[in-house]
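**Student:** Sharing a structure below in structure tokens format, with a few things to ask.
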Amino acid sequence: MCAVVCAVVVTMIGVKYVTPRGALVRSRECARHRQLVRMNLKSNLLDELRREWRQTGRRPSAQRACRRLSDRYPQLDLAHETDLCGVVELLESRSPRSALERAAIVRVLLREASDPDVHRALLQTLLPGLVSVCRQLRFGRGVVDEPSEIIAVAVALLSELLVDWAGQSREYPAGDILSALRGRLRRWLLREKTASAVLSPVVAIEPPALEPSPLLTRLESLCTGEHERLARLAYARIFEGASLRDLGHRDHSAPVSLQTELQRFALHHLL
């Protein structure tokens, strides 16, 4: 398991929505949206999202989205808000709105979440709850190396969940969404725990010279074809015990996405 976070997972600038499949597995497909901006891997992910939101929540498209919400749902009393940053501020616990009023706003945001700006606003609103979910799962202790990793995956899973649920109307959507996120994140952790065994360094029981390794033979046969890159990286990971951090640096790729590539390569070509 890598010790850094793939910036593609969590960078939302100009992106309609982010999913674990799109962010962790097929990040190149995001080229049809505005180009993703890489984040400094040492920066705090949640702080980065908050800084980014202060810009995107006030851009012209977010202002237009706010006006549409105000026009479509006058009962929410959003006429005094000029952009989605103002709407999100109304959902904070210190806002003058009651719990029922805040739930009504979140309900509308989920209903309108097919709009990319509303999607991003709803995700921003749910970030504190996301952290609570990660805390309940002990930040993936024993499966991931650092809390930032599970936070990044949780953000991607939450974004995917909002895409799946966009258009729904739920009485208390925030609680339902976070409960579903907890389930998805728990299943992801279980899959990661199982998959990590595939890429764990192999400890030789007998001297390699006594019997050729079928795995080594298979990797050598793949080192001269279209899978040369992943075959060489898999060899370094399995037989040299290289960490995903080192391999990512060597390959100029993010360790999280590289791990996914290696897992798929192992499942399709080595097992």
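**Student:** Per residue of segment 174-190, in order, report the coupling 6.51 cos²θ - 1.76 cosθ + 1.60 (Karplus, θ = phi - 60°) as ³J(HN,Hα) in whole Hz, putting x for Gly and Pro.
**Tutor:** Listing the rounded values in order: 4, x, 5, 5, 5, 5, 5, 4, 4, x, 5, 5, 4, 5, 5, 4, 5 Hz.
**Student:** In whole angstrom, note down how far apart the Cα centers of segment 221-271 and segment 59-89 are.
**Tutor:** If you average the Cα positions of each part, the centres end up 47 Å apart.
**Student:** Counting only other residues whose beta carbon sits under 13 Å from that of LEU258, what net charge do I get with K and R as +1, D and E as -1?
**Tutor:** +3
**Student:** Here is a further query. Could you list which residues have their amide H under 5 Å from that of VAL144, counting only those 5 or more apart in sequence or on another chain, with H placed in the peptide plane?
**Tutor:** Correct list: empty.
Taken together, the values in this text are just the output of simple stated rules run on the coordinates, not laboratory data. Keep in mind that what you see is a predicted model, and the values were worked out from it rather than measured. All Cβ positions, glycine included, derive from the backbone under ideal geometry; neighbour counts span all protein chains shown.
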